[in-house]
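Taking it in order: structure first as structure tokens, then the write-up.
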Amino acid sequence: MKSEKINAKELLNALDEIYTEKGITKEYMIESLKMALEAAYKKNYNTNENILVELDEVKSEIRVYAVKKVVSEVEDSNIEISLEEAKQISKRAKIDDTINIEVTPKNFGRIAASAGKQIIVQRLREAERDLVYTQYSDKVGEIVIGVVQRTDKFGTIVDLGKVEAMIPLKEQIKNEMFSTHQRIKCYVLSVSPAGKYGPQVILSRKDSNFVKKLFEVEVPEIIEGIVEIKGVAREAGSRSKVAVWSNDENVDPVGSCVGKKGLRIQPIIHELNGERIDVIPFSEDIPSYIINALSPAEILAIDINDEEKQAVVVVADDSLALAIGAGGQNVRLAAILTGWKIDIKTETEIKETVVE
């Protein structure tokens, strides 16, 4: 095969554009291109030679070399060369050296151009996927804003700009309907790199942390670390209970989260389509915390069993429905929030037990 210098200016110019526009490292693309050209050479010329491709960026040239080991007796001419032949190439050659013999074929320019374009497209896609994965894996546990693309039997597809994400049905608020092109906020639940079309970003609007993050957006005291959300219990689309605490006695944590005339909490309620949110003060005193968690019910008395983490709460007869809540929701959320089993009793029930 006759050696020939191949003009690689077009390929190198294409690489230059990628470096500047996509932020992919030059070294990564150059090495990928060399590997692709080496593979293309072996395939097109049906050879098992050890091939080395060099790109001269200054002269914009591609050269192909066969790399051979210098031996005293040649057994495989594809990978070995005799000392006598090697000395014709380099007078300093000795046994066990490697010699690079230029074998750039005359028609390799066309093959190089085709293989180069393919590898550029392939590596560009891979690198973009890696960049997107890195970008969104850093956003796990955060809120993102996207545009609804479509809804199918698996969930809702949301365009986040560089990637399409999915809100699975199980992570959607019950009965929540989206319209195409609607802008929505979501909580990034997980990111995996192995999606069919790139990184798979899973979003949620049902997760309790979504409520927590919405408060962080609306309440400066939370961002500053003065107010802390100690817990969230949620039945998405219906009601949430949020326990808050302040490390500054001069700052009311509940007032900070609700805002004057509900100014801070209203955008959160609106984002959650009217979901009811009870903001309650956290307390390290368990009886007080349980009483707060059962708000807005008025509690008359409470008895706790530390070993079983169980509390018996006494309410007025006419407050039983409020304490339990519709379908048991109020006491259920209070139990989730505090981590305690809560048993509601009325005054009459307690008196009857005492009489017995």
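Rule-based calculations on the coordinates, nothing more; no lab input. Just so it is clear, the model here is predicted, and its values are computed rather than measured. We place every Cβ from the backbone using ideal geometry, glycine too, and count neighbours over all the protein chains shown.
Key figures
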quantity: Per-peptide average of other Cβ atoms within 10 Å, ordering 62-68, 92-98 highest first; calculated: 62-68, 92-98
quantity: Sum of side-chain charges, ALA66 neighbourhood, beta-carbon under 9 Å (Lys, Arg +1; Asp, Glu -1); calculated: -1
quantity: Among VAL258, VAL242, VAL58, residue whose mean-square fluctuation peaks in a GNM of the chain (springs only between Cα atoms under 10 Å); calculated: VAL58
quantity: Vicinal HN-Hα couplings computed from phi for region 235-246 (Karplus, 6.51 cos²θ - 1.76 cosθ + 1.60; Hz; Gly/Pro x); calculated: 10, 3, x, 10, 7, 10, 10, 10, 9, 10, 9, 10
quantity: Bridge type composition, region 208-355 - antiparallel percent by DSSP, nearest 5; calculated: 55
quantity: Neighbourhood net charge (15 Å Cβ-Cβ; Lys/Arg +1, Asp/Glu -1) for SER90; calculated: +1
quantity: Summed residue charge, Cβ within 14 Å of THR156's Cβ, Lys/Arg positive, Asp/Glu negative; calculated: +3
quantity: Equivalent ellipsoid, the chain (semi-axes from 5 times Cα gyration tensor eigenvalues, Å); calculated: 71, 22, 18
quantity: Charged-residue dipole, Cβ positions (Lys, Arg, Asp, Glu), the chain about Cα centre, Debye nearest 20; calculated: 2020
quantity: Placed amide H near GLN182: partners under 5 Å, 5+ positions off or other chain; calculated: VAL148
quantity: Karplus-derived 3J(HN,Hα), 6.51/-1.76/1.60, for each residue of region 135-148, Hz, glycine and proline x; calculated: 4, 7, 5, 6, 9, 4, x, 10, 9, 10, 10, x, 10, 5
quantity: Angle between the chain longest axis and helix 329-338 axis [Cα atoms, degrees, rounded to 10]; calculated: 60
quantity: Across LYS170/LYS260; LYS91/LYS117; LYS213/LYS260; LYS170/LYS261; LYS174/LYS341; LYS9/LYS94, pairs whose alpha-carbon gap is larger than 28 Å; calculated: LYS170/LYS260; LYS91/LYS117; LYS170/LYS261; LYS9/LYS94
quantity: Volume of the Cα convex hull of region 164-311, divided per residue and given in Å³; calculated: 167
quantity: Rounded to the nearest 20 debye, dipole of region 67-110 from Cβ charges on Lys, Arg, Asp, Glu; calculated: 360
quantity: Cβ-placed point charges (K, R +1; D, E -1), dipole of region 208-355 about Cα centre in debye, nearest 20; calculated: 620
